[in-house]
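Input: a single structure, listed below in structure tokens.
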Amino acid sequence: TQLLEQSPQFLSIQEGENLTVYCNSSSVFSSLQWYRQEPGEGPVLLVTVVTGGEVKKLKRLTFQFGDARKDSSLHITAAQPGDTGLYLCAGDGSWGKLQFGAGTQVVVTP
Amino acid sequence: EPEVTQTPSHQVTQMGQEVILRCVPISNHLYFYWYRQILGQKVEFLVSFYNNEISEKSEIFDDQFSVERPDGSNFTLKIRSTKLEDSAMYFCASRNDRATEAFFGQGTRLTVV
């Protein structure tokens, strides 16, 4: 089983601050997806990264895939209370199944 | 925008009873999945389904579990005899192919009492 470790587990910051969430594995993934999950709801896809070294931007969110395709990071610039949520990374496995990390709970206070 | 829909949103059942969780994947998708998330834990893969058969299943997906695509639109997960430890959020997901993004439904919260 390919394990994905996310860090930190919990992050509490003030509005306007920046934050980075990490997703690491000892295994290589063909692609990696980032999701955000609200309590009692399903994961909502944010982005998919495929190529080693790839950087994708989604407004104030910047996603990076490591050169070796074993790790990824999510950076949020000038965080807002609406960014509060559980951020999950998930690596692609056989038959398109996803291996999820445990998630990073982000809380942004006004 | 197309979405994966799941019903019911919440199901309470007695231990030992059978439950069927229903999903309507996105219409042109070919790969279908069930995941579960026990409260406070990570999302875990249960089973993948392609071309009307199971393509892969996890250790969690034992003989008590089955999946079916009874028609062109529905994808169901059946738990034959529920146990207390089956209480969890169950998510259905679908993909157009193995290399594209997976889209998740809102989930069914199953509570076994």
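Laboratory data are not the source of any read-out in this text; all were calculated from the coordinates shown. The model shown is predicted, which means the values in this text are computed figures rather than measured ones. Ideal geometry is used to build each Cβ from the backbone, glycine not excepted, and the neighbour counts take in all protein chains shown.
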Worksheet item: Which number in (1) surrounded by fewer than 20 Cβ atoms within 10 Å (Cβ to Cβ); (2) more than 10 Å from chain B (Cβ to nearest Cβ) marks the one condition that residue A:47 misses?
Response: (2)
Worksheet item: Looking at this structure, is residue A:21 of a type in the set (Val, Ile, Thr), in a strand (DSSP E or B) and facing chain B (nearest Cβ under 10 Å)?
Response: no
Worksheet entry | Unique residue being hydrophobic (A, V, I, L, M, F, W, C) and more than 24 Å from residue A:39 (Cα to Cα) when the list is B:19, B:43, B:67, B:24 | B:67
Discussion item. Just to be sure I understand the filter: pairs with C-beta atoms under 7 Å, separated by 6 or more residues or on different chains, first member in region B:52-79 and in contact (Cβ under 8 Å) with a residue 60 or more places away in the chain, second member assigned to a loop (DSSP other than H, G, I, E, B). Which pairs pass?
Written reply: B:78/B:18; B:79/B:18; B:79/B:64
Worksheet item: Of all residues in region B:31-50, which are touching a residue at least 12 places away in the same chain (Cβ under 8 Å) and either among the acidic types (Asp, Glu) or surrounded by fewer than 16 Cβ atoms within 10 Å (Cβ to Cβ) (or both)?
Response: B:38, B:39, B:44
Worksheet item: Restricting attention to region B:89-105, which residues are closer than 19 Å to residue B:43 by Cβ, over 11 Å from the mean Cα position of the chain (by Cα) and touching a residue at least 24 places away in the same chain (Cβ under 8 Å)?
Response: B:95, B:98, B:102, B:103
Discussion item. Quick check on region A:89-110: of everything there that is aliphatic (A, V, I, L, M) and either within 14 Å of residue B:101 (Cα to Cα) or out of contact with any strand residue (DSSP E or B) (no Cβ under 8 Å at 6 or more places or on another chain) (or both), which residue is farthest from the other protein chains (Cβ to nearest Cβ)?
Written reply: A:90
